[in-house]
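Working notes for the structure below.
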Amino acid sequence: MIVRDFMTKNPIYTNPKELIANVKNMMDREQITKVPVLDDSGKLIGVITKTDLKKTMPSNATTLDIYELSYLLSKITVEKVMKKQPITIQKDATIEEAAKIMSEKGISSLIVMDGEVLSGILTKTDLFRAVVDMFGFKYDGVRVEVELSDNPGELAKISKAIADQNGKIVSVITADGSDVSKRLVTIKIIGLKKEQVEDILGKVGCDIKDIR
């Protein structure tokens, strides 16, 4: 699965000279939390988030009156608040790469680039959509978890046994097993009943951990 297939294309962006008050209104209106900042040549030079904007808002302890606050806020531009050198990913990167970066950096979205050109935004919601697709949740069928020996041909045996009974595998996800010699495999199967899947996998010697 590739980032370009799940990202939001043609994202809203701003420029460094824009007033933060205008950017805040735009974020509220469009219900977004991150806006890329492009210079006059279209080059990505920063990013501004709702968290950045909140930091510019006055605290309850301020001694400034409402007129002074309004005047000061009306003069603050994006370039004074934005984060420079934002974290990005290329549109042809994998969803796994994107998820790893977002997890390690503790961020909720990534700016997506096509070379040096802004291409999209990838959010946690987009990642959740990818996970739904990976696990085949949109299909009504049998979901089964099995632990297999980490040897060549194990999945092929399962696939053939299911196909021989006119079943169809629509999703396969693997993870580390209980030890280094095993893999935990989650399979979504359509065209067969739960009892049929249990019988098929039992005959090929699978260790069924969960089936529903």
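The values are calculated or read from the model by the stated rules, or taken from the named source; none is laboratory data. No experiment lies behind these values; they were computed from the predicted model shown. We place every Cβ from the backbone using ideal geometry, glycine too, and count neighbours over all the protein chains shown. We work out accessible area using only protein heavy atoms, side chains counted, and drop any ligands, DNA or RNA first. Shrake-Rupley method; radii C 1.70, N 1.55, O 1.52, S 1.80 Å.
Annotation: the antiparallel percentage among DSSP beta bridges lying fully within the chain is about 90. Site pair THR56 and THR8 shows an inter-label distance of 2.0 nm when each label is modelled 7 Å from Cα along Cα→Cβ. Considering only ILE169, MET27, GLY42, and ranking their Cα positions along the charge dipole of the chain that arises from unit charges at the beta-carbon of Lys, Arg, Asp and Glu, the one farthest toward the positive end is MET27. Karplus-derived 3J(HN,Hα) values for region 202-212, using 6.51 cos²θ - 1.76 cosθ + 1.60 with θ = phi - 60°, are x, 5, 8, x, 7, 8, 7, 9, 7, 8, 7 Hz; glycine and proline are entered as x. Mind scanning LYS55/LYS105; LYS17/LYS100; LYS9/LYS43; LYS124/LYS160 and naming the pairs with a C-alpha gap bigger than 26 Å? From LYS55/LYS105; LYS17/LYS100; LYS9/LYS43; LYS124/LYS160, over 26 Å: LYS17/LYS100; LYS124/LYS160.
Relative to the Cα centre, the charge distribution of the chain, modelled as +1 at Lys and Arg Cβ and -1 at Asp and Glu Cβ, gives a dipole magnitude of about 400 debye.
Within the same chain, lysines fewer than 8 places from LYS157 are excluded, and of the rest, those with a Cα less than 28 Å from its Cα are LYS138, LYS168, LYS182, LYS188, LYS193, LYS194, LYS203, LYS209.
Applying 1/(1 + (r/R0)^6) with R0 = 25 Å to the Cβ-Cβ distance of GLN165 and PHE137 gives a FRET efficiency near 0.60. Here the chain exposes an accessible surface that is 50 percent carbon and sulfur, computed with a 1.4 Å probe and the other protein chains kept in place. Close amide H contacts of SER171 (hydrogens built in the peptide plane, cut-off under 5 Å, sequence separation of 5 or more or a different chain): LYS188.
Spacing of the modelled spin labels on VAL204 and ASP92, each 7 Å from Cα toward Cβ, amounts to 3.5 nm. Measuring spread by the Cα atoms of region 95-212 yields a radius of gyration and Dmax of 17.6, 54 Å. In order along region 96-113, the Karplus-derived 3J(HN,Hα) couplings, from 6.51 cos²θ - 1.76 cosθ + 1.60 at θ = phi - 60°, round to 4, 4, 4, 4, 5, 5, 5, 5, 5, 8, x, 10, 9, 7, 10, 7, 9, 10 Hz, and Gly and Pro are given as x.
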